[in-house]
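Enquirer: Have a look at this one.
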Amino acid sequence: MAITTVKSAYFSGVAAGAPFILVIIPFASLFGLLATEAGLSVVQTLSFSVVVIAGAAQFTALQLMVEDAPTLVVLASALAVNLRMAMYSASLTPYIGSAPLWQRACAAYLTVDQSYVVAVAKYERSPDMTLPERMGYFFGAVTPIVPLWYMFTLVGALLGAQVPDSWALDFAIPITFLAMIAPMFRTLAHVVAALVAVVVSLLCAGVPYSLGLIIAGIAGMMAGAQVELWTARRAAEDSV
Amino acid sequence: MIDPVTLWTVIIGLGLGSFFLRFVFTGLVGNRAMPDWLLRHLRYTAVAILPALVAPQVLWPAATGGETDPARLAAAVAALTVGLLTKNVIAAMLSGGFTLYGLLYLLG
């Protein structure tokens, strides 16, 4: 009985993760392609995707290494891009915090934007799920995503050497990021956070070691948090 | 060319660091509560960091030696606009891509 419900949770997770295949294939290929363009070997490129599995952070690290930024700055900036994973981890804790340690460790390695979004939406909708069902659903959701991330990184890396400069692939990263960010602008606070971050990052373009990114990110986060407080206060005053 | 020692340092460091970020709350905090102010800031991480990263590349692309490029600028605007209107990541990526190639072709 228990095993069949966990199994069906796993398969409904697979179904929920499946649409993301369309995003993962081009995104992973692009990373493989750009990494080999930047001079990485096929083994290095594939290791990058297997060890890190974080698209945006990998692109950031790659970009900064191409620009010859110091190693510490590369790490700090890429981890700053990945800070949202800590947010995801925080938000998953009430649902899966009591799972066995090895399962939480596996889930941590497999936490990506897609698996997080799919899993939390399901946990909120179905509060009666048991812990094994939740874990089954989570691992189901990553099944169509993560193996394809590895596989198409490899495909992109193998194709990489044949792609000419005139394809303007340098600009694929900005376009991909803008496309990913746009649906996240849910509230005024999100919009203000982004605008402040953009303005500060342009003003700080001359700051050495690419530290402008960190300064801009922190400024944007502070702006977002302040607007959120202000909006909540306004709403509270209006309802009085 | 990227130095192999730097590269492997980055791959391993980023792997460990990313794992730590993903594990820090589920693994180490468990069910203890986190301060509101911290959560409030963390909520805006993605929408602050990613635009900050992209903005200089949009205005001053390295591929054109830092000269503002109409095709790249238009492609960025197209991707952002379509993403905002449709909330569809793939549609936004394709719009940006088609705009970029269309204008690069037209402007030669």
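The values are calculated or read from the model by the stated rules, or taken from the named source; none is laboratory data. Being a predicted model, the structure only gives us computed values, none of them experimental. Cβ placement follows ideal geometry from the backbone for every residue including glycine, while neighbour counts extend to all protein chains displayed.
Enquirer: From the list A:F48, A:F27, A:F11, which residue is at pLDDT below 90 and either buried (at least 21 other Cβ atoms within 10 Å of the Cβ) or part of a helix (DSSP H, G or I) (or both)?
Expert: Just a single option satisfies the conditions, and that option is A:F27.
Enquirer: Considering only residues that are among the aromatic types (F, W, Y) and within 17 Å of B:A63 (Cβ to Cβ), look in the stretch B:76-108 and name the one that is surrounded by the fewest Cβ atoms within 10 Å (Cβ to Cβ).
Expert: B:Y105
Enquirer: What pairs come out if I take residues in the stretch A:14-37 that are in contact (Cβ under 8 Å) with a residue 60 or more places away in the chain and pair them with residues that are among the charged types (D, E, K, R) whose C-beta lies under 8 Å away, six or more apart or interchain?
Expert: A:A16/A:K122
Enquirer: If you don't mind, another one. Any idea which residue in the stretch B:58-82 is nearest to A:M180 (Cα to Cα), counting only those that are modelled with pLDDT under 90 and at the interface with another protein chain (Cβ under 7 Å from one of its Cβ atoms)?
Expert: B:P61
Enquirer: Pairs, please: C-beta under 6 Å, at least 6 apart or cross-chain, first residue facing chain B (nearest Cβ under 9 Å) and within 15 Å of A:A90 (Cα to Cα) and in the stretch A:101-114, second surrounded by 18 or more Cβ atoms within 10 Å (Cβ to Cβ) and of a type in the set (D, E, K, R)?
Expert: What qualifies is A:A108/B:R22; A:T111/B:R22.
Enquirer: Is it the case that the stretch A:71-78 has a residue that's under 12 Å from the mean Cα position of the chain (by Cα), at the interface with another protein chain (Cβ under 7 Å from one of its Cβ atoms) and buried (at least 18 other Cβ atoms within 10 Å of the Cβ)?
Expert: Checked against the condition, which is being under 12 Å from the mean Cα position of the chain (by Cα), at the interface with another protein chain (Cβ under 7 Å from one of its Cβ atoms) and buried (at least 18 other Cβ atoms within 10 Å of the Cβ), the stretch A:71-78 yields at least one hit.
Enquirer: Does A:A35 satisfy the criteria of being in a helix (DSSP H, G or I) and at pLDDT below 90?
Expert: It is false that A:A35 is in a helix (DSSP H, G or I) and at pLDDT below 90.
Enquirer: Could you list, in sequence order, all residues of the stretch B:62-91 that are under 17 Å from A:F27 (Cα atoms) and in contact with a Ser or Thr (Cβ under 7 Å, 6 or more places away or on another chain)?
Expert: B:A79
Enquirer: Just to be sure I understand, how many residues within the stretch A:184-204 are modelled with pLDDT under 85 and either among the aromatic types (F, W, Y) or touching a helix residue (DSSP H, G or I) at 6+ places or on another chain (Cβ under 6 Å) (or both)?
Expert: Counting residues in the stretch A:184-204 that are modelled with pLDDT under 85 and either among the aromatic types (F, W, Y) or touching a helix residue (DSSP H, G or I) at 6+ places or on another chain (Cβ under 6 Å) (or both) gives 1.
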